[in-house]
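Remarks on the structure that follows.
Just so you know, all these numbers are worked out from the coordinates, no wet-lab data involved. Please read these numbers as outputs of a predicted model, since none were measured by experiment. Don't worry about glycine lacking a Cβ; one is built from the backbone with ideal geometry, like all the others, and counts go over all protein chains shown.
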Amino acid sequence: QVQLVESGGGLVQAGGSLRLSCAASGRSFSSYAMGWFRQAPGKERDFLAGVGGNIIYADSVKGRFTISRDNAKNTVYLQMNSLKPEDTAVYYCAASRGRFASRRYHEYDSWGQGTQVTVSS
């Protein structure tokens with residue numbers, strides 16, 4: 001399994017931007033499909049974006065969030081623009097042994113500890 005550590009969360013005003021990073025340890029990072037999810041208090045963990053042999057987004061973030069990866073740095077990023085108060089949540093990255101990114105959280109094998117994003121109005 002790969003170990004994941006997220007960073008880059010924080011407090012931002014509505015309309016602002018943040019870039020989250022997820023650093024992976026272990027070999028063969030490039031062979032993993034990677035995903036970003038978030039979970040607000042009292043809510044389910046929601047898919048946001050994934051990158052593998054494909055790139056996919058949830059409709060709620062399409063056009064505002066961009067996922068990318070740097071295999072040389074074993075890192076996946078989530079650029080978040082035009083943030084809204086409803087984007088407030090703990091954000092998680094996840095790794096899947098599958099070739100293609102999935103919207104289903106149970107298809108991911110490894111998870112980071114999460115990073116808090118708070119968007120003030």
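Annotation: Cα Rg of the range 1-50 relative to the compact-globule expectation 2.2 N^0.38 Å equals 1.37.
The relative contact order of the range 17-59 comes to 27 percent, based on Cα pairs under 8 Å that sit 6 or more residues apart.
Which whole-number percentage describes the relative contact order of the chain, with Cα contacts under 8 Å and a sequence gap of 6 or more? Intermediate values should be presented prior to the final figure.
On the way: 314 pairs, mean separation 44.9, N = 121.
Relative CO of the chain lands at 37 percent.
Candidate cross-link partners of K43 among the aspartates and glutamates, defined by an alpha-carbon separation under 13 Å and a same-chain spacing of 8 or more, comprise E86, D87.
Size of the range 34-76 from its Cα atoms: along the principal axes, largest to smallest, the extents are 37, 20, 17 Å.
Simple point charges give the picture: +1 on the Cβ of Lys and Arg, -1 on the Cβ of Asp and Glu, and for the range 1-109 a dipole about the Cα centre of about 200 debye.
Volume of the convex hull of the range 1-104 (Cα atoms only), normalised per residue: 95 Å³.
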